[in-house]
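What follows is calculated from the coordinates using simple rules that are stated; it is not laboratory data. These figures come from a predicted structure and were not determined experimentally. Every residue, glycine as well, gets a Cβ built from its backbone with ideal geometry; the counts of neighbours run over all protein chains shown.
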Amino acid sequence: MLNGALVIVIAIVAYYFIIFSKKVKKSVTTLLLSIILYIFNPVNTLTLENIGKIISFETLGILFGMMIIVEFLKESGFFTFSAVWVIKASKAKFWAALFSLMLITALFSAFLDNLITILFISPIIFLITDTLEIDAAPFIMLTIFIDNIGGMSTLIGSPLNIVLGSISKLDFTQFMKIMSVIAFITFISTFTIFRKKYTKAQTAEFSEKLKRLGNMKPEKAITNKKLLLISIIVFALVLTGFIFSSAIKINSALIAVFGGLILLFVFNHDFASFSSRIDWDTMFFYAGLFSISYALDKIGVTQSIAWIFKPLIGAPVILMLCFMWLSAFVIPFLSAVPGTLLLAPVVKILIGYGAPAELWYAYAVGANLGSNFTPLGAVQNIVGVSLLEKHGGKSLSFSQFMNYSKKTFLVSLILGTFFVLGLYFVKF
């Protein structure tokens, strides 16, 4: 009983620092609390000898490899080039430019890092809104929504999905085939909702002002052509490896790390010189969360949650919809990765009891769409709001963020409900 109480207390304290504290680094706090668990050993199997079973090195490996690849793409000017090219190609037509830019955002977030995507798209958004002389907040919010929606379509598209993939062992290609459908549907609905905010007269004026950006030259954004070419080739090969990982029987983490190391080797970087460009805070934060989640599982918290839903196994449709909506309202307040580390093992247990395998997708739909509801839903939400404040001095409160997101969130969840029903009955 005492052991279980220690784990629960540490989990609650970790949750507080993850969600509410801004004075202490959540990565340091979470890892420190996990080390306390190892020291006091409230769970017999929580030992360094078992660390390979406790911490998902597959998740960390994918993050590590992709961080390296993204940094090389970033250095080459790939992101800025893509965004500027979109504006140029749209011929100063406001909706064409914005739609294309959001499409680029969705594609970047599906195969690269959500946080990197928001960091590189937001300056283009600010350039557009400054040119149009309008409030940037609605546009940054749209970018955040599309960033999360694009990320839901693949197992590497968001930290949430990376963790989910390591627990579920879902096939990369099958996941992308299924989730890209709901990602596309919610992309269209989100953009359509946003479009209704502005009249034809306003958008005609926007298009006229946008012509000021018509002389921008995308090629000037490229800083190193050789670096760009090789980085894109390596990224394409890594992505191909992810798609065929089941067929070639090579772990996705090994593929990602291999791609990152190839770039380090070709461009003669060592770990010491490159280490400052790796997001170690995220890596250690996840390592700590995995340990806390493991302890919660072993003392029976995960099993207890699963028992609550077990009576619904005989009604699989109700179970899937309940879990989808539950995750959609838990994730925005617990945050994506902590919430997934708590709920994904529950899904695994329920499927072991006889629940349909489609329950994984019901959770993925609810959790990913739920990320858009509050600023706590995902780290890129917080960063997007922070960038908005730095740019124009406008701060979005928790309630203001939810006011922007509530319609998009509810509409996407309704669409997600129909999607989950179709997934179960049609088996597409």
Next item on the list: Using label points projected 7 Å from each Cα along Cα→Cβ, tell me how many nm separate Ser275 and Lys25, to one decimal.
Entry: 1.3
Margin query: With angles folded into 0 to 90 degrees, how steeply does helix 2-19 sit against the dominant principal axis of the chain? Use alpha carbons for both and round to 10.
Written below: 10
Checklist line | Nearest-20 debye value, the range 170-222 charge dipole, Cβ charges on Lys, Arg, Asp, Glu | finding: 320
Check: Over the range 353-428, what relative contact order in percent results from Cα pairs under 8 Å that are six or more residues apart?
Finding: 34
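How much mean residue ellipticity at 222 nm does the chain get from its helices, if each DSSP H run of length 4 or more adds -39500 (n - 2.57) and you divide by all residues, to the nearest 500 deg cm²/dmol? Display every interim value, and only then the final one.
Working: 22 runs with 328 residues, N = 428.
Mean residue ellipticity at 222 nm (helix-derived): -25000 deg cm²/dmol.
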Next item on the list: Specify the inter-centroid distance of the range 106-157 and the range 311-359, based on alpha-carbon positions, in whole Å.
Entry: 28
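For the range 283-337, state the semi-axes of the equivalent ellipsoid (square roots of 5 times the eigenvalues of the alpha-carbon gyration tensor), sorted largest first and rounded to whole angstrom. Please report the intermediate quantities before stating the final value.
Values: eigenvalues 123, 50, 11 Å².
Square roots of five times the eigenvalues give 25, 16, 7 Å.
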Notebook entry, point to check: Regarding the range 190-285, what is the average projected area of its C-alpha convex hull, in nm²?
Noted result: 11.3
Next item on the list: Specify the angular offset, from 0 to 90 degrees and rounded to the nearest 10, of the alpha carbon long axis of helix 94-111 from the longest principal axis of the alpha carbons in the chain.
Entry: 30
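Stretched out fully, how many nm does the piece from Ile36 to Phe333 gain, at 0.36 nm a residue minus the Cα gap?
Values: separation 297, 0.36 × 297 = 106.92 nm, distance 2.52 nm.
Extra length available between Ile36 and Phe333 comes to 104.4 nm.
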Next item on the list: Please work out the FRET efficiency for the pair Ile233 and Ala201, using the Cβ-Cβ distance as r and a Förster radius of 41 Å; give the result to the nearest 0.05.
Entry: 0.30
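How do the peptides 366-375, 197-206, 27-36, 321-330 rank, highest first, by the average count of neighbouring beta carbon atoms within 10 Å per residue? All intermediate terms of the calculation are to be shown ahead of the outcome.
Details: 366-375: 27.7, 197-206: 12.5, 27-36: 19.1, 321-330: 20.6.
Highest mean packing first, the order is 366-375, 321-330, 27-36, 197-206.
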Note to self: What distance in nm separates the two pseudo spin-label positions at Ser395 and Phe425, each 7 Å out from Cα along the beta-carbon direction?
What the structure shows: 4.9
Item checked: Within-14-Å neighbourhood charge of Phe206 [Cβ basis; K, R +1; D, E -1] -> +3
Note to self: Rounded to whole Å, give me the distance from the Cα center of the range 185-244 to that of the range 31-56.
What the structure shows: 44
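Given +1 on the Cβ of Lys and Arg, -1 on the Cβ of Asp and Glu, and no further charges, what dipole in debye does the range 272-411 carry about its Cα centre, rounded to the nearest 20?
On the way: 8 positive and 5 negative charges, 41 e Å.
Magnitude of the dipole: close to 200 debye.
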Next item on the list: Please determine, in degrees from 0 to 90 and to the nearest 10, the orientation of helix 172-195 with respect to the longest principal axis defined by the Cα atoms of the chain, where the helix direction is its Cα long axis.
Entry: 50
Margin query: Could you tell me the ratio Rg/Rh of the range 341-428? Both radii from Cα atoms, Rh via Kirkwood.
Written below: 1.11
Next item on the list: Would you be so kind as to identify which of Ile222, Ile167, Leu237 lies farthest towards the positive end of the dipole of the range 165-250, taking Lys and Arg as +1 and Asp and Glu as -1 on Cβ and the Cα centre as origin?
Entry: Ile222
Note to self: If I model a spin label at Leu261 and Ile185 as a point 7 Å from the Cα along the Cα→Cβ vector, what separation in nanometres do I get?
What the structure shows: 4.2
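Quote to one decimal, in nm, the extra length available between Ile313 and Lys91 on full extension: 0.36 nm per residue of separation minus the C-alpha distance between them. Walk me through the intermediate numbers first.
Working: separation 222, 0.36 × 222 = 79.92 nm, distance 5.41 nm.
So the chain would gain 74.5 nm between Ile313 and Lys91.
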